[in-house]
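Taking it in order: structure first as structure tokens, then the write-up.
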Amino acid sequence: AWTLYTLLWHGIWSNLPIHEPSMAYEVHARFWMQPHLLVCVMAGAGAAAVAARAPKPLPAAALALCVCVVASRVAALWPALDFSVVAALATHGAAALAAVPEGGLLLSHTDLHWNPARYLRACEGARPDVTHLSLQLLPYPWFARQHPLHPRMKRWPDVAAASTDPATERYERLVEDVATGNLDAFPAGIYLDIHGVHEPHIGRLGSWRGRWNLVPWGLHYRIVAAGAVQGDAGEWLARSLAEIDRLKAAYEGGPPSPDRFRVGSWEIAAGAAYNDAHSCVGCNPTRGALS
């Protein structure tokens with residue numbers, strides 16, 4: 001079972017690269033516990049069977065040896081694996097929700113954007129006023145059963161040909177359909193995951209698909225009708241900068257550091273999103289100036 005899971009599944013059938021430190025490598029690492037649990041159970045059963053047949057005092061010595069081996073591994077790895085005081089993802093989720101005004105619509109694309117905020121809302125009761133949707137789940141036919149859970153949605157998009165790849169026309173049409181059908185239903189605004197849009201498709205002052213502007217808003221873009229930004233770009237820039245100040249305040253000690261966390265971990269991904277939020281604010285007015 002261990003050989004099948006570890007070598008065949010992870011090494012041959014997998015479509016994710018695992019030969020270098022990256023998010024894909026860390027995704028694999030989260031599933032290594034399953035085959036290791038099988039090995040540990042079999043090792044324990046084998047040790048118990050050997051001890052039952054061995055003459056005294058060998059069983060007691062073998063038990064002491066097993067305990068020492070496990071204790072030594074715990075002592076060696078605990079400093080790197082103790083995440084009991086790490087709040088990077090909780091901070092990320094709270095910052096994502098804090099940027100959405102009361103009654104806003106939040107559209108997530110990545111797991112990083114979706115899961116921490118969803119956990120805080122579902123398990124800790126945070127921000128019940130926010131309508132939160134995943135653009136990865138929305139296109140699935142079964143998601144239609146979830147529509148009653150979001151009563152403020154005025155119109156649901158046609159998902160028959162939708163995609164979850166931000167670089168595709170079908171994905172952009174999905175996002176645009178959500179915005180077109182629900183902008184009036186959410187006066188507080190519609191907010192899109194900053195990694196939920198293909199960056200090269202964003203034009204001057206955040207123009208997108210000819211009908212919209214994407215305004216940097218902390219860990220999101222705020223989707224506004226075209227023309228709103230051009231009329232008062234300075235005011236919108238001031239709002240973007242205010243959200244960056246709010247994000248900085250949430251991360252008092254700065255974003256998660258590679259000195260503490262492995263490359264490819266969720267904590268480093270949260271730090272990358274923090275830095276991307278700053279970059280987006282700088283890029284938007286720069287696009288306007290260059291244009």
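The residue that is modelled with the lowest pLDDT, counting only those in the range 201-214 that are surrounded by 20 or more Cβ atoms within 10 Å (Cβ to Cβ) and touching a Gly at 6+ places or on another chain (Cβ under 6 Å), is LEU205.
Enumerate the helices (runs of 4 or more DSSP H) found wholly within the range 50-146, keeping only those where 2 or more residues are exposed (fewer than 13 other Cβ atoms within 10 Å of the Cβ) and out of contact with any helix residue (DSSP H, G or I) (no Cβ under 8 Å at 6 or more places or on another chain). Talk me through it step by step, then tell me what you get.
Numbers: elements: 58-81, 88-98, 111-124.
Ranges flagged: 58-81, 111-124.
Only residues that are modelled with pLDDT under 95 and not β-branched (Val, Ile, Thr) were counted in the range 217-229, giving 4. Which of (1) out of contact with any strand residue (DSSP E or B) (no Cβ under 9 Å at 6 or more places or on another chain); (2) more than 25 Å from SER163 (Cα to Cα); (3) open to solvent by 20 Å² or more (accessible area, probe 1.4 Å) does HIS198 not meet, given it meets every other one? Single failed check for HIS198: (2). Close Cβ contacts (under 7 Å, 6 or more residues apart or on different chains) running from residues in the range 69-92 that are touching a residue at least 60 places away in the same chain (Cβ under 8 Å) to residues that are open to solvent by 60 Å² or more (accessible area, probe 1.4 Å) comprise LEU89/TRP266. Filtering the range 166-185 to residues that are surrounded by 12 or more Cβ atoms within 10 Å (Cβ to Cβ) and more than 17 Å from GLY210 (Cα to Cα) leaves ASN182, ALA185.
Taking the numbered list (1) more than 23 Å from ARG121 (Cα to Cα); (2) touching a residue at least 24 places away in the same chain (Cβ under 8 Å); (3) in contact with a strand residue (DSSP E or B) (Cβ under 8 Å, 6 or more places away or on another chain); (4) of a type in the set (A, V, I, L, M) in turn, ALA226 passes all entries but (2).
For the condition open to solvent by less than 50 Å² (accessible area, probe 1.4 Å) and part of a loop (DSSP other than H, G, I, E, B), what is the one hit in SER257, SER240? Even if it seems obvious, please write down each step before you answer.
On the way: SER240 fails: part of a loop (DSSP other than H, G, I, E, B).
Just one listed residue meets the conditions, SER257.
The selection criterion, being within 17 Å of the chain's Cα centre (by Cα) and closer than 16 Å to LEU219 by Cβ, holds for LEU120. Mind listing whichever residues of the range 22-36 are surrounded by 12 or more Cβ atoms within 10 Å (Cβ to Cβ) and either among the acidic types (Asp, Glu) or in a helix (DSSP H, G or I) (or both)? Residues satisfying the conditions are MET23, ALA24, TYR25, GLU26, VAL27, HIS28, ALA29, GLN34, PRO35, HIS36.
Against the conditions (1) farther than 24 Å from GLU102 by Cα; (2) out of contact with any strand residue (DSSP E or B) (no Cβ under 6 Å at 6 or more places or on another chain); (3) among the aliphatic types (A, V, I, L, M), ALA233 satisfies every one except (1).
The values are calculated or read from the model by the stated rules, or taken from the named source; none is laboratory data. Quantities reported herein were computed from a predicted structural model and do not represent experimental measurements. A quick note on method: Cβ atoms are made from the backbone with ideal geometry, for glycine too, and the neighbour counts reach across all protein chains shown. For the accessible areas, the whole protein counts, side chains as well, though only heavy atoms, and no ligand, DNA or RNA atoms are used. Shrake-Rupley method; radii C 1.70, N 1.55, O 1.52, S 1.80 Å.
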